[in-house]
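Some notes on the structure that comes next.
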Amino acid sequence: MSMLWLASFRHLLRHPLQLLLALAGLALGVATIVAVDVATGSAARAFELSVAAVQGPATHELAGAPAGIDEALYVKLSRTLHYVRARPVVDGYVTVSDESLQLLGVDPLAAVDFVSGTDTDDAPAAAVADSGTALARWLASDGAVLLAADTASRLQLKRGATFRADVGGHTRAGYLLGVLGGGAGLQSVMLTDIGTAQAWLSLAGRLTRIDLRVPPGPAAAAELAQLQRGLPAGVTLAPATQRARAGLNMTQAFDTNLRALSLLALLVGLFLVYGTISFTIVQRRRSLGILRALGATRAQLLRIILLEATGLALIGAVLGLAGGALIGRQLVGLVSQTINDLYYVVAVNSVTLPAGEPLLALGAALAVALLAATAPAVEATHSAPQLTLRASVLEGRARRVTRALVGVSVLLGLACLVIAVSSQRSVLAGFAALVFAMLSVAAVAPALLYACAGVLARTRIAASPPVRLALGGIAASLSRTGVAVAALAMAVAAMIGISIMVDSFRESLRDWLTQALQADIYVGAPGPGFARPERRLDAAVVADLVRVPGIGSYNASRRAVVQSDRGPLVLDAMDLAPDWTRFADDAALVAQPLAYRLNLGVGSTLQLTTVQGPRTFRIAGVFREYGSDRGSVRIARGVYRRLWQDAAISGLALRVNAGADVAAVERALYRAAAGRQALQIDTPAQVRAISLAIFDRTFIITRVLNWLAAAVAALGLLSALLAWQLGRTHELALLRALGMTPAGSALMIQAQTLFMGAVALLAALPAGLLTALLLVRVINRRAFGWEIDLHLHAAQITGAVILAFSAALVAGMYPAWRTAHAPLSQDLREE
């Protein structure tokens, strides 16, 4: 047995380039999965730490309307509760030196009582109540804040330093009272006194929420139930974990899509490992036949080949784990930026490797390597020894398998269709259909290569002997060329599908913006966060803005998050057009993503929690919206103002009189608000530019993952072509000896590789269109609820054409160079 292991080890060492290419492809596929998990996991971990640090030992929370909860409720609870502990909280978002932070207003005395008798560490309470001197300065100073040490360093603030914070267009003066030594999760939090937070956020006498700590035991549970029964209208009780769960649920579809794209790179890597292992068996067909003839059993040879694949997987997993951590550090910025743009504000200051990631990397690498190795290993070990010595036997089997794979391709295509049609809402089923589509194109690619080579060989193009030899070489080595073309075709199909999907989404977004932006100027309060209540326009500023000369008419709107029987929802209260008067009472419009997620349609009902209690709205229509996959509900602003008792305005849509200069009116608007509130004023063109810029930032990640999969395919093609040419050294040397020039042999090899790239492109074109349909009509619809119009342009194929021919051209360079410069005497020896 030791001789068998020695022979196997020596063979691998004699072909280092081939081994390195296989390791590189496997490692890159694993690294892509690890990188996505590192990036998304780091962002999710940062959000969880932030919520946990802010939440402390709270088990429940009381939430109210966008205008907040009357602080008198907290006073009442603090006097009447005996077992349950309460803590008032005011929070919002501020911007300091272009960095967004969560402003958290706490009452240190209430915070100390809130954690009394528990073992749970409450970072905000500990931060503000650790010494009497700091507490006195905290309560006596207007604008005193605490920051995490690394946040203060990043903002270049030292203890006692003053700074300016922007809150909804208003500048607030503050100073750094102290820094937090540890404070995991507080890197994006600014702690302040509850009075300061109320003043900064214009919430005098109001609270954002009231945290509750319910200790175990029947007495506390009974008191909580009694509290819930006596809550004022419009105030809801929910578990404290609901906020964190809702935040993470927002990004679930986003994370799922990234992970699916990362698996594509590993799927392409499967063909690379298969090609490498199958060729090592082809290279050793003579030695394997001799070993079988000398008494080596099939089980012994099979064990050696599978253990080789296992060793390859172990090394690839380690390399992929290290590479994925490095790539993940680069991706984390893109992921966190997308989350900040679309979901919530999070600061990712550390990159973490999820606990199970090493096992995931090892499992993925082992699965790919063993799956790729099993078929060629079984084929080699179950052949008769004398047949194992013949390459013609292998190629004959390859042609038979190729014909069978055509039927497999048809079955995979049918399975793709059945799954896509029969599974109504499952995102995973949509991705399964996509995988079947990818495997379908991979299965048909070898047959297409063989057919194209045969058809071309019967045309006038193949009149010259070198062309016939080139085409014959491709068809005669189907066991190696077919695998290379399959991997490349799958990667090109994915590139075409993703390109069409991204462009279709972008064009749909552009069309929607053109239809939705009917005003001439849009005015809003600047600031981070989506539907934040502090992003509102001052009433006096609004009154002056609408009187600016040149303004013909306007519509006001209020965006806020309200409670419902389906959880927190984004509500847009708008001044509706005159012909929408039938929607002005108990009716609402819902955006497509929300309608899809909650299974709402025209005639359905939705219960929203107003300050007067629950109110049922009838769904009068469903509209398109691409601003967020959360979707929103629209009602008349008059109805919102009456039911939620909130007269605030988040934005204005201004129409300019005919003939007026829009730029001049825009400058006049800035002058009208100067010194009172900073405004975000944009024309429709600027809104489109900002929206498309956010879109492009979001899909940078998709394009990066797509190119990583393409890189794996290019490595696979290079490995397969190198293996193919190494197996033809004797044949190519004979051609050189019969008169073919070095340049002619190199040109023939490059022509062969370019032909293979063209066939891969031919197979990928219909598969790419199918992939685009699955991404647009099935996966994006199920994951996000969007309806996207399919837009097809010739430019979408450009990247795929460049990939197919560039990969083929680059992959053929070294084999062509080697053939042209290899010594004839050595290669003319027996294979």
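The values are calculated or read from the model by the stated rules, or taken from the named source; none is laboratory data. Note that the coordinates shown come from a computational prediction; the quantities given were computed from them, not determined experimentally. So basically every Cβ, Gly included, is an ideal-geometry build from the backbone, and we count neighbours across all protein chains shown. Protein only, heavy atoms only, side chains kept; ligands, DNA and RNA dropped before computing areas. Shrake-Rupley method; radii C 1.70, N 1.55, O 1.52, S 1.80 Å.
The table that follows gives values for the structure above.
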read-out: Dmax and Rg, reported as Rg then Dmax, of the range 172-231 (C-alpha, Å); value: 17.0, 47
read-out: Rounded FRET efficiency, nearest 0.05, which uses the C-beta distance separating residue 555 from residue 787 and R0 of 30 Å; value: 0.75
read-out: Principal axes of the range 582-692: Cα extent on each, largest first, Å; value: 46, 32, 25
read-out: Accessible surface of residue 431 - all protein chains present, 1.4 Å probe, nearest 10 Å²; value: 30
read-out: Relative frequency of Cα-Cα separations exceeding 15 Å in the range 48-95, percent; value: 56
read-out: Modelled FRET efficiency - R0 41 Å, residue 817 with residue 293, Cβ distances, 0.05 increments; value: 0.60
read-out: Listed residues 76, 158 arranged by accessible area, highest first, probe 1.4 Å; value: 158, 76
read-out: Heavy-atom accessible area ranking, 1.4 Å probe, most first, across 784, 805, 114; value: 805, 784, 114
read-out: Exposure ranking of 100, 78, 628 by accessible area [1.4 Å probe, largest first]; value: 78, 100, 628
read-out: ³J(HN,Hα), Karplus 6.51/-1.76/1.60, whole Hz, each residue of the range 739-754, x for Gly, Pro; value: x, 6, 6, x, 5, x, 5, 5, 5, 5, 5, 5, 5, 4, 5, 5
read-out: Solvent-accessible area of residue 667 with every protein chain in place, 1.4 Å probe, in Å² to the nearest 10; value: 130
read-out: Residue 172 - accessible surface, heavy atoms, 1.4 Å probe, Å² rounded to 10; value: 50
read-out: Amide H partners (placed H, <5 Å) of residue 548, local residues excluded; value: none
read-out: Cα pair distances exceeding 16 angstrom across the range 530-581, given as percent; value: 58
read-out: Efficiency of FRET from Cβ geometry, residue 97 and residue 662, R₀ 22 Å, rounded to 0.05; value: 0.10
read-out: Cα-based equivalent ellipsoid of the range 725-819: semi-axis lengths in Å, sorted from largest, via gyration tensor; value: 42, 12, 9
read-out: Long-range amide H partners of residue 93 with built H, under 5 Å; value: 103
read-out: Under-5 Å amide H pairs with residue 240, H placed in peptide plane, nonlocal only; value: 60, 61
